[in-house]
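A short worksheet on the structure shown next.
The values are calculated or read from the model by the stated rules, or taken from the named source; none is laboratory data. No experiment lies behind these values; they were computed from the predicted model shown. With ideal geometry, Cβ positions are generated from the backbone for all residues, glycine too; neighbour counts draw on all protein chains shown. Accessible surface is based on the protein model in full, side chains and every heavy atom, while ligands, DNA and RNA are left aside. Shrake-Rupley method; radii C 1.70, N 1.55, O 1.52, S 1.80 Å.
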Amino acid sequence: MAGKTNLQLIQECDNFPYYDDDPKFYERQLNQYHAFKVNGCHAVLGYIPNTVVKEFNWTENEWEVDERNRTVTLMAAPDAEPAVRNEIMSRLLADAVRRETFEVLKGWRAEMYAIHAPGGKFLMEMERCASPLFGIITYGVHMTGYVEDPKEGLKLWVARRSKTKQTYPNMLDNTAAGGMSTGEHPYGCAIREAAEEASIPAEVFEQRARPAGVLTYFYVRDARAGGETGLLQPEIEYIYDIRLDASHAVKPCDSEVEDFRLWTVDEVRQSLREGDWKPNCAVVVIDFLIRHGILTPENEPDYLEIMARIHRRLPFPTVRFDMK
């Protein structure tokens with residue numbers, strides 16, 4: 001059996017429809033969602049499934065639900081401070097948790113994700129596990145630790161996710177990865193995750209890691225993600241490569257990773273074909289193989305489509321980091 005192609009793996013992750021492919025189908029899909037907005041900001045900030053809209057207890061004067069135009073607007077004053085919007089959101093989510101309305105909220109992380117206005121202005125934040133309910137853009141870092149073996153060529157440190165993990169249990173993962181909380185910058189987040197998940201000390205990361213670009217995609221959650229299906233995750237992932245010595249053993253440092261294995265490129269590609277990878281982690285590996293000259297226009301017939309799909313322009317405002 002041939003297994004999954006690289007493009008099929010990309011399509012599993014970037015699976016929200018494109019308007020240009022089929023405008024009528026796109027509109028039918030979009031009709032299943034309400035646009036999430038904030039009073040005083042003209043931009044749409046995310047998409048909330050119609051089924052989710054029906055389940056929340058929207059407090060009058062704090063929220064405006066327009067069924068005709070399919071919008072949900074947080075109604076703090078246009079010039080309100082972010083803390084005011086945060087409090088309104090917190091009350092809404094706390095009520096949903098008390099009523100056990102949504103499965104995804106059972107994975108409460110006490111981590112906050114930022115929401116930005118056009119130009120990158122910070123508008124507000126919300127609990128990480130609730131972000132798919134509102135379909136907001138989320139940010140993360142993914143890194144690939146690799147070894148340059150003189151006999152076997154490139155070898156990648158591959159993680160196996162814990163069998164008890166709530167999301168994508170027992171699937172293959174990148175060397176280290178994680179979400180960026182409010183106020184975090186990519187580099188600082190990457191240092192933290194490398195240490196927490198793969199026992200890579202900060203000094204090793206600083207010496208060995210290099211930024212390798214950014215990936216963007218628009219994911220529709222399936223059952224493997226845990227909780228409700230059909231929730232949206234438009235994501236931006238900052239990518240790092242870490243060239244390690246063969247003597248540096250990557251090992252788990254928390255309960256999220258079952259184990260690590262150092263695999264050849266052929267072993268990694270076989271595991272991709274077998275569909276063993278968490279969807280967005282497969283995208284990161286494919287990007288690594290492209291950047292290291294292993295997947296090329298000459299040996300990958302879907303090269304152009306893959307490159308476009310992993311750098312998708314998302315329809316919501318994005319962060320703009322202050323210069324340090």
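Summed over the stretch 169-183, the residues that are in contact with a helix residue (DSSP H, G or I) (Cβ under 8 Å, 6 or more places away or on another chain), in a loop (DSSP other than H, G, I, E, B) and either within 18 Å of E111 (Cα to Cα) or among the hydroxyl-bearing types (S, T, Y) (or both) give a count of 3. Just one of the numbered conditions (1) under 19 Å from the mean Cα position of the chain (by Cα); (2) in a helix (DSSP H, G or I); (3) among the hydrophobic types (A, V, I, L, M, F, W, C) is not true of L289; which one? L289 satisfies every listed condition except (1). Go through the stretch 60-89 residue by residue and tally those that are more than 10 Å from V38 (Cα to Cα) and among the aliphatic types (A, V, I, L, M). Summing the residues that are more than 10 Å from V38 (Cα to Cα) and among the aliphatic types (A, V, I, L, M) in the stretch 60-89 gives 6. Residues in the stretch 1-21 that are within 18 Å of P297 (Cα to Cα), in contact (Cβ under 8 Å) with a residue 60 or more places away in the chain and in a helix (DSSP H, G or I): N6, L7, L9, I10. For K24, the requirement of being open to solvent by 40 Å² or more (accessible area, probe 1.4 Å), part of a helix (DSSP H, G or I) and at pLDDT 95 or above is met. Taken together, the criteria exclude D259 from residues that are open to solvent by 80 Å² or more (accessible area, probe 1.4 Å) and closer than 28 Å to H248 by Cβ. Please verify whether the stretch 224-243 includes one or more residues that are in a loop (DSSP other than H, G, I, E, B) and buried (at least 22 other Cβ atoms within 10 Å of the Cβ). The answer is yes; a qualifying residue exists.
Within the stretch 286-298, being closer than 23 Å to D241 by Cα and either of a type in the set (D, E, K, R) or open to solvent by 60 Å² or more (accessible area, probe 1.4 Å) (or both) holds for D287, R291, P297. Here is a check on your reading of the model: is S271 part of a loop (DSSP other than H, G, I, E, B), in the same structural domain as H292 (by the TED database) and more than 15 Å from I294 (Cα to Cα)? It is false that S271 is part of a loop (DSSP other than H, G, I, E, B), in the same structural domain as H292 (by the TED database) and more than 15 Å from I294 (Cα to Cα). Note on the stretch 276-293: residues that are touching a residue at least 24 places away in the same chain (Cβ under 8 Å) and at positive phi total 0. Scanning the stretch 299-314 for residues that are surrounded by fewer than 16 Cβ atoms within 10 Å (Cβ to Cβ) and either free of Cβ contacts under 8 Å to residues at least 12 places away in the same chain or among the hydroxyl-bearing types (S, T, Y) (or both) returns N299, P301, L304, A308.
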